[in-house]
Each structure stands twice: as C-alpha cells, then as structure tokens.
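Some notes on the structure that comes next.
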Amino acid sequence: MDIGELRRLIAADERAGVRPFFVAASTGTVNTGAVDPLDDIAVIAREHGLWFHIDGAYGALGILAEDAAPDYAGLEQADSLALDPHKWLGVPIDAGCILFREPAAPRDAFSMVPPYLRDEDAGELGWLSEYGPEQTRPFRALRVWATIAHLGRNGIICLVNRTTMLARTLAELIEASDDFELLAPVTTSVTAFRHRPPDLPADRAETLNGAIPAAVQRRGHVFLTGTRISDAAALRACVLHPGTTKDDLAVLLEEIRAAAQEVISHQ
Ligand SMILES: Cc1ncc(COP(=O)(O)O)c(C=O)c1O
C-alpha cells in the first residue's frame with residue numbers, strides 16, 4: 001500500500017463530504033506475498049478514526065519467519081485480523097478465522113439470540129454464533145486445535161521458516177538463470193516471476209506466460225498458478241506444503257521450460 005496515496009484518498013473523501021471508516025492492509029498479498037507498512041497505516045487509521053483491518057488470510061503466520069518478522073511491525077495494532085488456518089497451517093478446508101481486538105464490537109453487530117436459544121449459562125463471552133453471520137456450524141475449531149497441538153509452536157515456526165526459505169531459494173534460482181525474471185521481492189512464501197526465453201520477442205513472451213500455468217498443470221507433475229502483475233502475465237509459486245524440497249524447485253523450473261516448449265511448438 002502506498003501511504004502517500006492512502007493519505008491523498010482520505011483527504012479527497014473528506015473534501016467530498018464522505019467519511020472513510022475502514023482501511024484494510026495486507027500481510028501477504030495474493031499476487032506477490034507483499035506485506036504492507038502496517039505501522040504507518042496504523043498511525044493514519046488512528047488519526048482519522050478508521051477501523052484498521054489486516055487481511056492476513058494467507059500470510060499472517062509469516063511473522064514467525066525470523067528474517068520476515070520486522071516487516072510485520074504494527075500487526076499488533078490491528079482492530080481485526082483475518083487469518084486462514086486452512087492456508088499456511090495446512091488445516092483441511094474450511095477453517096478461516098478472524099481475531100478482534102475488542103470482541104464487543106462484532107458481537108454488537110452480529111448478535112441475534114432468539115428466545116429459544118437464550119441460555120443464562122452461556123457465560124460472559126456468549127455464544128460463538130454471536131460473533132458472525134453463521135449460527136449452526138461444524139466443529140472447525142477441533143481441526144485447528146489438532147493441527148496446532150500436533151505441530152506445537154516450534155513446529156509451526158519450522159514450517160513457516162522452511163517454506164519462506166524455499167520461496168527465497170526459488171527467487172535465487174530465478175535470478176541466476178537467463179530465462180526467468182523475478183517480478184517482486186520475496187517477503188513471505190510467494191515467488192512471482194516470468195519465463196523469458198532469451199530469443200523470444202516480448203509480445204510472444206506475454207502470450208507464452210499466459211499459457212504456461214495450464215500447460216504446466218496438464219503435464220501433471222507440479223502445480224503453478226498464473227496471475228497478472230502491472231498488467232502483464234505472471235507466474236506465481238506459493239510454497240506452503242511442508243514436504244516441498246529444494247529439488248522440487250528445480251523440477252518446477254524444468255517443468256515450466258518443458259511446458260513452454262510445448263506451447264511454443266503449438267503457436
Ligand atoms: C490474501 C488473501 N485474502 C483472502 C483470501 C480468501 O481466502 P478464503 O476464501 O479461503 O477465506 C485469500 C485466498 O487465497 C488470500 O490469499
């Protein structure tokens with residue numbers, strides 16, 4: 001997030017007589033895994049009375065990686081934080097969660113306890129269903145608890161460190177090659193890049209990169225998604241599986257080269 005632009009947009013809204021009330025920062029964007037400058041955003045949120053939300057659905061746990069932790073300074077100032085245990089923690093889907101600094105606000109917004117559900121013994125926190133739109137729900141928390149109990153704090157730290165390190169190693173392999181181009185710094189465990197066979201003209205490289213993800217998937221050995229970054233086709237590897245190894249990264253690049261050859265030969 002561009003902080004100058006955030007200030008400019010808030011000022012423009014206020015001049016136009018509308019009142020901004022909410023700012024959503026990211027810790028781990030979908031395309032590049034980037035982490036926003038949370039400390040700066042928290043200051044602006046406080047100055048303007050905005051609710052400060054962080055989308056950490058994918059990347060909040062990245063704070064546990066030793067060399068990424070400083071990028072997360074300010075996370076603790078959020079009013080709410082979305083984080084999906086079904087992503088980096090590997091809990092079977094679906095297990096999304098949101099953490100609130102002050103649970104009273106969401107409870108006020110969502111609480112609806114009809115007379116047939118009133119229970120004087122519900123305790124101070126009330127029913128879980130008072131904190132969101134869902135009433136009848138499965139026991140998702142059991143899966144989250146079991147995963148955390150199995151891995152332990154150190155196990156989770158190892159998982160995050162290892163996958164972050166692998167994404168950085170992939171970036172190094174890309175930078176060391178003459179047919180791949182890194183598109184963004186690696187902060188979490190996402191590596192965004194392009195395939196640039198040296199003798200291929202730029203317009204054909206654009207079509208090629210758009211076609212690579214499906215061609216890679218059809219080959220059936222590795223999985224890779226595509227995206228668009230700065231309006232250009234990009235490849236996006238998100239390393240989350242604890243079983244991923246350095247060798248798999250080399251296989252990934254080889255598979256992309258092979259898939260690219262297939263695409264080029266059919267063009
Ligand atoms: C940054 C981010 N936010 C939100 C989502 C939405 O996730 P879900 O629909 O699984 O809760 C995703 C999913 O990829 C994500 O990466």
- Query: Ignoring ligands and nucleic acids, what accessible area does Met165 show with a 1.4 Å probe (Å², nearest 10)?
  - Reply: 80
- Query: Which far-off residues, 5 or more places away or on another chain, put their amide H under 5 Å from the one on Leu183, with H placed in the peptide plane?
  - Reply: Ala192, Phe193, Arg194
- Item | Value of Rg/Rh across the stretch 30-92 [Cα atoms, Kirkwood radius] | 0.99
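Kindly provide the chymotrypsin sites (Phe, Trp or Tyr not before Pro) of the stretch 93-190 that DSSP labels as loop, not H, G, I, E or B, and whose Cβ sees at most 16 other Cβ atoms within 10 Å. Before the final figure, lay out the partial values.
Working: sites: Phe100, Phe110, Tyr116, Trp127, Tyr131, Phe139, Trp145, Phe180; in loops: Trp127, Phe139.
Answer by residue number: Trp127, Phe139.
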- Query: Just for the stretch 3-146, what percent of DSSP beta bridges are antiparallel, to the closest 5?
  - Reply: 40
- Message: As a test question: what accessible area, to the nearest 10 Å², does Leu9 have when a 1.4 Å probe is rolled over all protein chains in place?
- Response: 90
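I'd like the FRET efficiency for Tyr116 and Ile148, computed as 1/(1 + (r/R0)^6) with the beta carbon distance as r and R0 of 25 Å, rounded to 0.05. It would help to have the intermediate numbers written out before the result.
On the way: r = 34 Å, r/R0 = 1.37.
The pair Tyr116/Ile148 has a calculated efficiency of 0.15.
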- Distance from the stretch 94-126 to the stretch 32-78 (C-alpha centre basis), Å: 26
- In the stretch 122-215, which GluC sites (Glu not before Pro) fall in coil by DSSP and have 16 or fewer other Cβ atoms within 10 Å? Glu124, Glu134
- Note on the structure: Measuring from its Cα centre, the chain shows a charge dipole (+1 at each Lys and Arg Cβ, -1 at each Asp and Glu Cβ) which, in debye to the nearest 20, is 520
- Message: How big is the chain along each principal axis, measuring the range of its Cα positions in Å and listing the largest first?
- Response: 71, 51, 35
- Message: Among the complete DSSP H segments of the chain, which ones combine at least 27 Å of alpha-carbon extent along their axis with a mean Kyte-Doolittle hydropathy of 0.5 or more?
- Response: 140-176
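The values are calculated or read from the model by the stated rules, or taken from the named source; none is laboratory data. It should be emphasised that the depicted structure is a prediction, and the values quoted were computed from it without experimental measurement. For neighbour counting, all protein chains shown are included, and Cβ atoms are generated from backbone atoms with ideal geometry for every residue, glycine included. The protein model used for the area step is the full one, side chains on, heavy atoms only, and it has no ligands, DNA or RNA in it. Shrake-Rupley method; radii C 1.70, N 1.55, O 1.52, S 1.80 Å.
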